[in-house]
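We did not get these values from a lab; they are worked out from the coordinates using the rules stated. Note that the coordinates shown come from a computational prediction; the quantities given were computed from them, not determined experimentally. Cβ coordinates were reconstructed from backbone atoms using ideal geometry, including for glycine residues, and neighbour counts include every protein chain displayed.
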Amino acid sequence: MYYNDDTVLFLDGKFIKAKDAKTDLFGQTLHYGYGVFEGIRAYKTVNGVKIFKAHEHYDRLRQSASLVGIPFTYDSEELTQISYQLLERNNLSNAYLRPLVFCSPNMSLNAPKEVSVMIAAWDWGKYFSNQSLRLCVSSIQRPNPKSIKMEAKVCGHYVNSIMATMEAKERGFDEALMLDGNGFVAEGPGANFFFEKDGVLYTPPLGNILPGITRHTILDICKELDLPVEEKLFRPEELFDADSAFFCGTAAEVVPIESIEGQPFNKSWKNSMGLIIQEAYKCIVLDKSYSYVIV
Ligand code: PMP
């Protein structure tokens, strides 16, 4: 699914065949989850292939590494150029890019001496196969921000996300909505959350969530289109009287939420503020003007 015999990836300064790439089984990342990564999308736009917000993603990768003490020296422009070359070598246009910074063999808990970077790319359509999502409120909370660096996209943090998604599927839902340690709504296992009530969009503030690049793009869209939006803490009970809601993220893009714990929303998606955001987001990633989006 992710590669075939011809796929090329970038590993430590070289483009090599994915099937020939090797890693050491004694790496700190494999054993302890001590690595950082990104998820980036490229689109075939009216102006050619464009990697959406490549610099923002690579800045976050560098920031993630720095926050947890992983020495990583590439700059964002260099990584962006490598990413464009990677797409070209694999003949990809609409694609997902996965950079991963991982650490050298080291079974101790001391700082790593050497780090590696790999970037892979593949054709990845919709992240969620369903048109709209049936969520449950997860019993698994987001981690305590005093225990981990919430703003960092660290490999090991995703054990928490995997457990929440597994629990949701076991309970017959599509995905989980996760709370923070104080019982406020935080985010999805791999996406940020917005809901609409009486003409205003609400989203949790930074602190217990990954500061998503898509979330930021949506806040910019709201400013541009004069759509009222507020960052605030709220409890899941508040959602049972909401008008609509959606998840957003690089992989997920903007995806409607159909219900939470079986409770549907007051409005249909086609009448929601989320639809306007979804349309505008599509335009932005495809380098098209979105002035026609009617508000
Ligand atoms: N929250 C979590 C936990 C995520 O893994 C992601 C995906 N990176 C997001 C939010 C959305 O972030 P972004 O819009 O930067 O992809």
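Please work out the FRET efficiency for the pair Asn271 and Leu219, using the Cβ-Cβ distance as r and a Förster radius of 25 Å; give the result to the nearest 0.05.
Computed FRET efficiency for Asn271 and Leu219 comes out at 0.70.
Starting from the coordinates of the alpha-carbon atoms of the chain, obtain the Kirkwood hydrodynamic radius over all distinct pairs and give the value in Å to one decimal.
When all Cα pairs of the chain are included, the Kirkwood radius is 20.1 Å.
Rounded to the nearest 0.05, what FRET efficiency do Leu25 and Lys169 give with R0 = 35 Å and r taken as the Cβ-Cβ distance? Could you check?
For Leu25 and Lys169, the calculated efficiency is 0.75.
Please give the per residue volume of the convex hull enclosing the alpha carbon atoms of the stretch 1-110, rounded to a whole number of Å³.
In the stretch 1-110, the Cα convex hull volume per residue is 105 Å³.
Note the per residue figure in Å³ for the convex hull of the C-alpha positions in the stretch 175-295.
Details: hull volume 11.5 nm³, N = 121.
Dividing the Cα hull volume of the stretch 175-295 by its residue count gives 95 Å³.
What aspartates and glutamates does Lys146 reach when the alpha-carbon gap must be under 16 Å and sequence neighbours fewer than 8 apart in one chain are set aside?
By straight Cα distance, Lys146 reaches Asp180.
Between Leu67 and Gln85, what length in nm is gained on full extension when 0.36 nm per residue of separation is reduced by their alpha carbon distance?
Working: separation 18, 0.36 × 18 = 6.48 nm, distance 2.83 nm.
3.6 nm is the gain from fully extending Leu67 to Gln85.
Run the reach check for Lys153 against lysines, Cα to Cα strictly under 25 Å, same-chain hits fewer than 8 apart removed. What comes back?
Result set, ordered by chain and number: Lys14, Lys22, Lys50, Lys53, Lys113, Lys126, Lys169, Lys232, Lys282.
Based on the mean of other beta carbon atoms within 10 Å per residue, what is the order of 156-164, 271-279, most packed first?
271-279, 156-164
How long are the three semi-axes of the equivalent ellipsoid of the stretch 119-197, in whole Å, if each is the root of 5 times an eigenvalue of the C-alpha gyration tensor, listed from largest down?
They are 20, 19, 13 Å, listed largest first.
So what's the net charge close to Ala18: Lys and Arg +1, Asp and Glu -1, counting the other residues with Cβ under 12 Å from its Cβ?
Result for the neighbourhood of Ala18: +2.
Under 18 Å Cα to Cα from Lys267, which lysines show up? Leave out anything in the same chain fewer than 8 places away.
Output for Lys267: Lys197.
Computed over the Cα atoms, what is the radius of gyration of the stretch 189-244 divided by 2.2 N^0.38 Å, N being its residue count?
Scaled against compact globular proteins, the figure is 1.10.
Testing the spin-label approximation: label points 7 Å from Cα along Cα→Cβ at Ser132 and Val46. State their distance in nm.
Distance between the two pseudo-spin positions: 3.0 nm.
How far is the Cα center of the stretch 218-295 from the Cα center of the stretch 162-189, in Å?
Going from one Cα centre to the other spans 19 Å.
If I model a spin label as a point 7 Å beyond the Cα along the Cα-Cβ vector, how far apart are those points for Ile162 and Asn144 in nm?
The modelled label-to-label distance comes out at 2.4 nm.
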